[in-house]
Amino acid sequence: MNFTRRIVLTVLLSSVLLVLSTALATSQATTQQPVINARVVKVLQIDGLLFKDLNKNSRLDVYEDWRRPIEERVNDLVAQMTIEEKAGLMVGPTLPMGPDGSVSEQPAYGSNPFNPGPITLNTPATTDALLRRHIRQFINRENVAPGTMANWLNAVQQIAESSRLGIPVLFVTNPRNHYGAQAAFGMIEAGNAFSQWPGTLGLAAMRDTALVEEFARIAAQEYVSVGIRGAYHPTADVATEPRWNRFRETFGGNGRTCATCHPAGHNFTIDRTFINNLPSSDPLFVFRRPELAGLEVESLHGGHNQEQRDRVMRRFREGTTQLLTATDVAARGLDIGHLSHVVNYDVPWWRQAK
C-alpha cells in the first residue's frame, strides 16, 4: 500500500472509529465510559465497562476497545479487513433518504455533474452500498427536520452495525448554516432546518473571533446531534483564485484576516507543514506575519542542485524544519510522511495535479 492510500485509509478509519461512541475520542487511551448504544450487536461487559461486540465473536478486540489509542484500534481493524472492505472506504457518494425519513433502497443513476458523460450508477441502494460494496462515507444532501434526519441516519447505522466488522458510517455535509444561500450541488446544502448565520465572508468582515467561535460551536453541535460527523467546508483556505466557485465559503483572500477569523488562528500550532504551488522561491513569501515568527522555514525550487535538495528534505523529515515551501515544479514526486498540514497556495493549472 503506497503512502497516499495508507494515509487516506488511516484518516477514514480514524474518523469512523470516532463515530462508535458519542464521547470525543483522542489519540490517547481513556477509561471514561462513553455512552454505548447497540441495535444489532451484543454489548460486552468487562471489568464493569461496556463495549460493542462489532465483529460478533463474543470477545473484545483491540479496535472495539475504546480505552485504546486510535492508532492501535485502526491497525487492528485494518488487519481484519478484506481488500474489498478497504476499497469501500475510498469512495464517498451521496446517500439519498427514502420517503418520510426511511432508508432508501432505490439506486440512483445519472451523469457526472462536474464532467458530463454517459448515465452511470451514482448511488447504490443503501443496503447494497453498505453490505456488498462496503462503502462507509456518504455525503448527506438532505434538508429535513432534525428529528427526521437523526432517525434516518440511525437506521443507516443499524444496517452498518450488522456488517461483518460493524464499521459505522461517516456522514459528511457541505455548509448548511449560511443565511439566504441557495442549494448548489457539490458546494452548499439548503439549511433552513439548522441555525442561520452570515456567510463566512460576512463573518470575516466583522473581525470578531468570538462570534466565529460561537458560530462554529453551534453548527458543530447541530451536526453531531443529527449524526453528521464530517464537513466539506473550505473555510480556512485563503481564497487566491477568483475562478474558484467556493470563494464565498472562505474568510477571503487576505492571509492576516483568515488567521484572525479562523477559530484556531489565535492559537496557531504547527508540526510539519508543506506548502505547494508557491509563485516565488522565497521561503518567507507567504509567512510574513507575527503568528509564524520563530518557525524554521526552508524552500525547494528549481535553483537547487541535488545536494541542496537532499539537505532540505533531510532537515524537513527530521523535524528540524517546520515549514517547507516549494514551487510547483520542485514539489513534484515528493514522498513525505507524517505531515500535519499540506497546503496548495494556488489552484493547480492542470486537472491531473494532486
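The numbers here are math on the coordinates, done by the rules we state, and not lab data. Every value quoted in this text rests on a predicted model; they were computed, and no experiment measured them. Every residue, glycine as well, gets a Cβ built from its backbone with ideal geometry; the counts of neighbours run over all protein chains shown.
Work out how much length PHE247 to LEU60 would gain on full extension: take 0.36 nm times their residue separation and subtract the Cα-Cα distance, in nm to one decimal. Write down the numbers at each step before the final one.
Numbers: separation 187, 0.36 × 187 = 67.32 nm, distance 4.71 nm.
Roughly 62.6 nm would be gained on extension.
Each residue in ASP128, ASP335 was given a count of other beta-carbon atoms within 10 angstrom of its own, and listing them fewest first yields ASP335, ASP128. Stretching ARG164 away from ARG207 to a fully extended chain increases their span by 10.5 nm, per 0.36 nm per residue minus the current alpha-carbon distance.
Projecting the Cα positions of LEU131, GLY117, LEU95 onto the charge dipole of region 81-140 (unit charges on Cβ atoms of Lys, Arg, Asp and Glu, taken about the Cα centre) puts GLY117 furthest along the positive direction.
Taking 0.36 nm per residue of separation and subtracting the current Cα-Cα distance, fully stretching the chain between VAL40 and ILE119 would add 24.8 nm. The calculated FRET efficiency for the pair THR148 and ARG217, based on their C-beta separation and a Förster distance of 22 Å, comes to about 0.40.
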